[in-house]
1. Condition first: of a type outside the set (A, V, I, L, M) and touching a residue at least 60 places away in the same chain (Cβ under 8 Å). Now tell me which residues in the range 143-157 satisfy that.
2. Just give me the residues in the range 121-139 being within 21 Å of THR43 (Cα to Cα) and buried (at least 19 other Cβ atoms within 10 Å of the Cβ), in sequence order.
3. Could you pull out the residue among SER136, SER47 that is in contact with a Lys or Arg (Cβ under 8 Å, 6 or more places away or on another chain), within 30 Å of GLN182 (Cβ to Cβ) and either part of a helix (DSSP H, G or I) or acidic (Asp, Glu) (or both)?
4. Please verify whether GLY244 is touching a Pro at 6+ places or on another chain (Cβ under 7 Å), surrounded by 15 or more Cβ atoms within 10 Å (Cβ to Cβ), not assigned by TED's automatic domain parsing to the domain that holds ARG27 and not polar (S, T, N, Q), treating the condition exactly as stated.
5. Could you tell me whether THR56 is touching a strand residue (DSSP E or B) at 6+ places or on another chain (Cβ under 6 Å), in contact (Cβ under 8 Å) with a residue 24 or more places away in the chain and among the hydroxyl-bearing types (Ser, Thr, Tyr)?
6. Would you please name the residue that is surrounded by the most Cβ atoms within 10 Å (Cβ to Cβ), looking only at residues in the range 87-114 that are hydrophobic (A, V, I, L, M, F, W, C) and over 15 Å from ASN41 (Cα atoms)?
7. When only residues in the range 146-168 that are of a type in the set (Lys, Arg) and under 15 Å from the mean Cα position of the chain (by Cα) count, which is surrounded by the fewest Cβ atoms within 10 Å (Cβ to Cβ)?
8. How many residues does the range 84-108 contain that are closer than 16 Å to GLU128 by Cβ and among the charged types (D, E, K, R)?
Amino acid sequence: MVASYESALVAFSGGVDSSLALAVSVRALPKGRVLAVTSSNETYLPSELEGAKALTSYLGVEHLVVNTRELDDPNYAKNPTNRCYFCKSTLYSDLAKIAEEKDYACVVDGANKDDEGDYRPGRKAAKELGVVSPLSVAGMGKAEVRNIAKQLGLPTWDKPALACLSSRFPYGQEITTEKLAQVAWAEEFLRRQGYSQVRVRHHGEIARLEVGPDELERALMERKEISAELRAAGFLYVTLDLEGYKPGSLNAALEQPSKKTLPVVY
């Protein structure tokens with residue numbers, strides 16, 4: 001599919017999906033006709049950029065780092081339920097301009113088939129702007145993406161999923177540079193401690209920590225150290241979610257579960 005375009009600019013975050021999309025593009029297109037572009041801004045963990053640079057070097061691909069300034073859009077910063085639509089509209093519009101300026105025929109992303117079954121307003125923006133999604137078109141779900149990435153020897157094949165930091169805020173809570181810095185500080189600390197799957201959900205003064213279910217016991221044992229560091233990041237209270245990490249857990253607010261009628265206590 002990508003080969004028919006003769007050249008491509010790949011939206012590259014450094015995760016397994018965009019890594020495979022980049023590797024596929026490199027294999028399908030002539031040498032020097034693939035450009036990886038990473039938007040490094042307040043919503044992107046600083047440590048992720050080094051990994052992205054390493055992967056592009058490994059694949060021998062030119063790598064451009066930009067800042068697409070999503071937070072400048074008040075529609076995005078207000079954090080509505082379709083926040084990702086405004087994010088991707090800004091991102092893909094900017095990437096399309098870069099592609100045109102540098103003579104690349106299309107913009108490619110790493111969306112996979114499983115993304116179609118989740119609440120992802122950003123996919124609407126991608127379709128509106130003509131972004132090419134080869135993994136999704138090929139019918140690859142996350143498991144298959146990881147399997148093929150492993151077969152190709154990509155070092156990111158088993159990398160934990162990592163959405164942008166804006167996904168740590170409940171819908172309707174304004175996103176600011178300062179709040180994003182709090183989350184980045186906290187998550188970078190936990191990653192340095194060796195936690196593989198981490199989300200620090202920002203509930204105002206409260207940090208709700210999600211770690212992998214197999215890491216819950218460890219987090220409880222290290223609760224004093226974790227609490228001290230997250231308070232240093234600016235949180236007043238630190239909690240540990242007993243269900244552990246759950247992708248898109250803040251989307252639960254979009255659902256309307258039936259509530260039990262509780263007995264009245266006098």
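The values are calculated or read from the model by the stated rules, or taken from the named source; none is laboratory data. Quick caveat: nothing in here was measured; it's all calculated off a predicted structure. Neighbour counts run over all protein chains shown; Cβ positions are idealised from the backbone, glycine included.
1. ARG146, PRO155, THR156, TRP157
2. Within the range 121-139, GLY122, ARG123, ALA125, ALA126 qualify.
3. So the residue among SER136, SER47 that is in contact with a Lys or Arg (Cβ under 8 Å, 6 or more places away or on another chain), within 30 Å of GLN182 (Cβ to Cβ) and either part of a helix (DSSP H, G or I) or acidic (Asp, Glu) (or both) is SER47.
4. On the way: touching a Pro at 6+ places or on another chain (Cβ under 7 Å): yes; surrounded by 15 or more Cβ atoms within 10 Å (Cβ to Cβ): yes; not assigned by TED's automatic domain parsing to the domain that holds ARG27: yes; not polar (S, T, N, Q): yes.
So GLY244 fits the description; yes.
5. yes
6. Going through the range 87-114, the residues hydrophobic (A, V, I, L, M, F, W, C) turn out to be 87, 91, 95-96, 98-99, 105-108, 111.
Among the residues that remain, those that are also over 15 Å from ASN41 (Cα atoms) are: 96, 98-99, 105-108, 111.
Working: ALA96: 17, ILE98: 16, ALA99: 20, ALA105: 17, CYS106: 18, VAL107: 27, VAL108: 31, ALA111: 25.
By that ranking, first place goes to VAL108.
7. That would be LYS159.
8. Total satisfying the criteria: 3.
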